[in-house]
Amino acid sequence: MALRSKLAKHRLKGNKIGLVPTMGALHNGHLALVNASKNQCEITVVSIFVNPAQFNNAEDLEKYPNTIEKDTALLKAAGCNFLFLPSVKEIYPNTHDLSISFGALENNLEGRFRPGHFQGVGLVVSKLFNICQPDYAFFGQKDLQQFFVINKLIDQLSFPIDLKMVETSREENGLAMSSRNLRLSERDKSEASLINQSLSIAKKQLLEGVGIKTVIENAKELFATNDRFTLEYFEIVETDNFSSLTQVTNPKKTAICVAAYIGKVRLIDNLFLNY
Ligand code: PAF
């Protein structure tokens, strides 16, 4: 593979390689990942591949935004060294039936609502790791459970890769940046600030000692004030397996996670309780 041999030459020169895996439709959140890589590594590789194996909803895959010309220009301006833009055939040349299971981590929250999603993520990220053999890989906090899935992948498959988390980039009104925001109207975008607001309120209440049950009820009530939202989950979880907590025991390993639809667009967000 051409990219692998080009990167091998850089590795021989002692250059560190950073990988930023994406599915395109790039925004400032992705550029923050690119910047983090550039600060750490001599060579930054960005991959853009809309991975069919991780979509459990055909409409979501079909409607996934594609802004490749804009993406290419943004990456050039950001100083990305290599853009890896493989075809589906290149990543999945043959039928594949290998499946990577993440145990309990995969059955909770995102895993529960998107069956097979993390298996698809694990498969494609393993392939990207093998193709690019990076020293560092950069993932955003917005997809928090995905981050811990990748962490497990690296740990249990012994990838010699240093995994870095980059804080969620937000719009001025607090809405987490996401490629799916391109599918939101201006009204949706403005009202979607409720998501981040619900997290901030929950965090404040938890830190004040309000019980988890009450905090979740309050969040549900807040979502019920706007009938354009369908709340999928609002949970306080521990970050080893993303199982729901009934009380906080280790604030450093506790996150507040939410998934909600505004119209047909599914948005997720999270905050650590104590960071
Ligand atoms: O977070 C994403 O954009 C995707 O899940 C990833 C990590 C690029 C794998 O397809």
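The values are calculated or read from the model by the stated rules, or taken from the named source; none is laboratory data. Please read all numbers here as calculations on a predicted model, not as lab measurements. So basically every Cβ, Gly included, is an ideal-geometry build from the backbone, and we count neighbours across all protein chains shown. Note: accessible area is taken over every heavy atom of the protein model, side chains too, but ligands, DNA and RNA are not part of it. Shrake-Rupley method; radii C 1.70, N 1.55, O 1.52, S 1.80 Å.
Let's test the formula: R0 of 51 Å, r as the Cβ-Cβ distance of R11 and N226. What FRET efficiency results, to the nearest 0.05? Intermediate values should be presented prior to the final figure.
Values: r = 51 Å, r/R0 = 1.00.
So, using R0 = 51 Å, E works out to roughly 0.50.
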Binning every alpha carbon pair distance of segment 19-173 at 5 Å from zero, what are the percents per bin?
2, 9, 18, 22, 24, 16, 8, 2, 0
Which of the pairs K70/K189; K6/K127; K142/K204; K38/K204 have their Cα atoms more than 26 Å apart in this structure?
K38/K204
Accessible carbon and sulfur surface of the chain relative to its total accessible area, %, 1.4 Å:
49 percent
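Using a probe radius of 1.4 Å on heavy atoms only, what accessible surface per residue do you get for segment 22-93? Whole Å² is fine.
Working: 3480 Å² over 72 residues.
Per residue, segment 22-93 has an accessible area of 48 Å².
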In Å², what does the accessible area per residue of segment 148-220 work out to with a 1.4 Å probe?
53 Å²
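For a protection proxy built on the mean count of beta-carbon atoms within 10 angstrom, sort 158-166, 246-254 highest first, please. Write down the numbers at each step before the final one.
Working: 158-166: 15.3, 246-254: 12.8.
Per-residue mean Cβ counts within 10 Å order the peptides as 158-166, 246-254.
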Expressed in nanometres to one decimal, the distance between label points 7 Å along Cα→Cβ at L85 and A73 is 1.4 nm
Proximal aspartates and glutamates relative to K9, as straight alpha-carbon distance under 17 Å, when same-chain residues fewer than 8 apart are discounted
E42, D135
Euclidean distance between Cα centres, segment 138-159 to segment 1-46, Å:
17 Å
Where does the chain land at 222 nm, in deg cm²/dmol rounded to the nearest 500, when only DSSP H runs of n ≥ 4 count, each adding -39500 (n - 2.57), divided by all residues?
-12000 deg cm²/dmol
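Quick check on the chain: of the DSSP beta bridges with both residues there, what percent are antiparallel, nearest 5%?
Working: 19 of 35 bridges.
About 55 percent, rounded to the nearest 5.
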Can you give me the solvent accessible area of F113 with a 1.4 Å probe, rounded to the nearest 10 Å²?
70 Å²
How would you classify segment 135-268 from its alpha-carbon gyration tensor, with a ≥ b ≥ c the square roots of the eigenvalues: rounded for a/c under 1.5, else prolate if a/b is greater than b/c, otherwise oblate?
oblate
Phi-based couplings in Hz for segment 243-258 (Karplus 6.51, -1.76, 1.60; Gly and Pro marked x):
8, 5, 9, 9, 8, 7, 10, 10, x, 6, 10, 10, 10, 9, 10, 9
Quote the charge dipole size of segment 113-196 about the Cα centre in Debye, to the nearest 20; the model charges only the Cβ of Lys and Arg (+1) and of Asp and Glu (-1).
280 debye
